[in-house]
Amino acid sequence: MKFFTPELYLQFNSTDDQAADRADAAWEAALAAYRQHLADIQPRLPSSVRRLTEMSLHDAELLSLQEITEPSGFPFPTDFFPGPFWLSVAVLSLRQDNQVTTLIYALADHIRHHPALTRWRFSKQRRHWLYDELDLAPQFQPYRAVFLQRILFSDGTALEIPFSSVLMHQYELPVARAANGARRPA
Amino acid sequence: MVKGESLNQAEAEARRRLGTDVVVCGPSLAANRKLAGTIETTANGSAKRCPPHDSAGPHALPHYQPDPRPPEGHTFYETEHRKAR
């Protein structure tokens, strides 16, 4: 993470008032810096990636994360391009209240997984989305439009997802009725 | 975050046990943060403090939430520059 780092998150949770006040100010500065960063790269973002930056997924529970690589049909004659053509996608499914959101990324490279800091003291149960950042993937600039989403999760781990495009799908879960007649998510 | 009816501390804790959001309002960041933490930990035990994210909008507030969940919901608190509507 570049702006909303696990270190800053831990400082924000300091039990010392002065340290917590400093972290609050540092977080506001990080927010302002991120806002400026997004404004700077906005012209280069396709509409689907712009929508990704507008989604509020804080507290969404991560239901599943899969990185899938499969061979794909290729439209050119094989004597022109004899090698196999592969497609790689990442599928993230998240739940917020009664809604499931699925993000499908066309990957430009493998997802990078970053472990939690050893001093990360928060629960590792029910991993959920804390904060994310959108960036341009530096190693591909300026030749390809490749983006990078960095996500900090509640167990202290972080992902870096390098992708060229993203699809989003959302649906509402059916609401069941409990034995006492109360409505509850299925 | 939009304010509702005023609550005392005991009422706020009861709301939090039910998973409903509450917000601590006032001019002092430190006082609001302390009271929000007390409400959340009294209601639900272990809690963590989360700063606001830009995508949640200009009225997003920092908050406490149970760690781990359930229940759902948050104890938000105002800062010097961020206020509930």
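The values are calculated or read from the model by the stated rules, or taken from the named source; none is laboratory data. Not measured: the values here are computed from a predicted model. For neighbour counting, all protein chains shown are included, and Cβ atoms are generated from backbone atoms with ideal geometry for every residue, glycine included. Surface areas here come from the heavy atoms of the whole protein model, side chains and all, with no ligands, DNA or RNA. Shrake-Rupley method; radii C 1.70, N 1.55, O 1.52, S 1.80 Å.
Quick look at the values:
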| item | result |
| --- | --- |
| Selection count where residues are surrounded by fewer than 21 Cβ atoms within 10 Å (Cβ to Cβ), more than 8 Å from chain A (Cβ to nearest Cβ) and among the polar types (S, T, N, Q), scope region B:39-59 | 2 |
| Yes/no for A:A30 being surrounded by 19 or more Cβ atoms within 10 Å (Cβ to Cβ), part of a helix (DSSP H, G or I), free of Cβ contacts under 8 Å to residues at least 40 places away in the same chain and at the interface with another protein chain (Cβ under 10 Å from one of its Cβ atoms) | yes |
| Within region B:63-74, tally of residues that are within 8 Å of chain A (Cβ to nearest Cβ) and either of a type outside the set (D, E) or touching a Pro at 6+ places or on another chain (Cβ under 6 Å) (or both) | 3 |
| Matching option when the condition is at pLDDT 95 or above, open to solvent by 20 Å² or more (accessible area, probe 1.4 Å) and closer than 19 Å to A:L63 by Cβ, among A:V100, A:V91 | A:V91 |
| Matching residues in region A:8-20 - criterion: being assigned to a helix (DSSP H, G or I), surrounded by fewer than 16 Cβ atoms within 10 Å (Cβ to Cβ) and of a type outside the set (S, T, N, Q) | A:D17, A:A19 |
| Among the candidates B:A12, B:A31, B:A43, residue that is under 16 Å from A:T15 (Cβ atoms) and of a type in the set (A, V, I, L, M) | B:A31 |
| Residues of region B:24-35 classified as away from every other protein chain (no Cβ under 11 Å) and open to solvent by 50 Å² or more (accessible area, probe 1.4 Å), total | 3 |
| Residue in region A:34-48 that is open to solvent by less than 30 Å² (accessible area, probe 1.4 Å) and either acidic (D, E) or more than 20 Å from A:R144 (Cα to Cα) (or both) present | yes |
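Yes/no matrix, rows are residues, columns are (1) away from chain A (no Cβ under 13 Å); (2) among the hydrophobic types (A, V, I, L, M, F, W, C); (3) open to solvent by less than 60 Å² (accessible area, probe 1.4 Å); (4) in a helix (DSSP H, G or I):
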| residue | (1), (2), (3), (4) |
| --- | --- |
| B:E11 | yes, no, no, yes |
| B:R15 | yes, no, no, yes |
| B:G37 | no, no, yes, yes |
| B:L61 | no, yes, yes, no |
| B:F76 | no, yes, yes, no |
| B:R85 | yes, no, no, no |
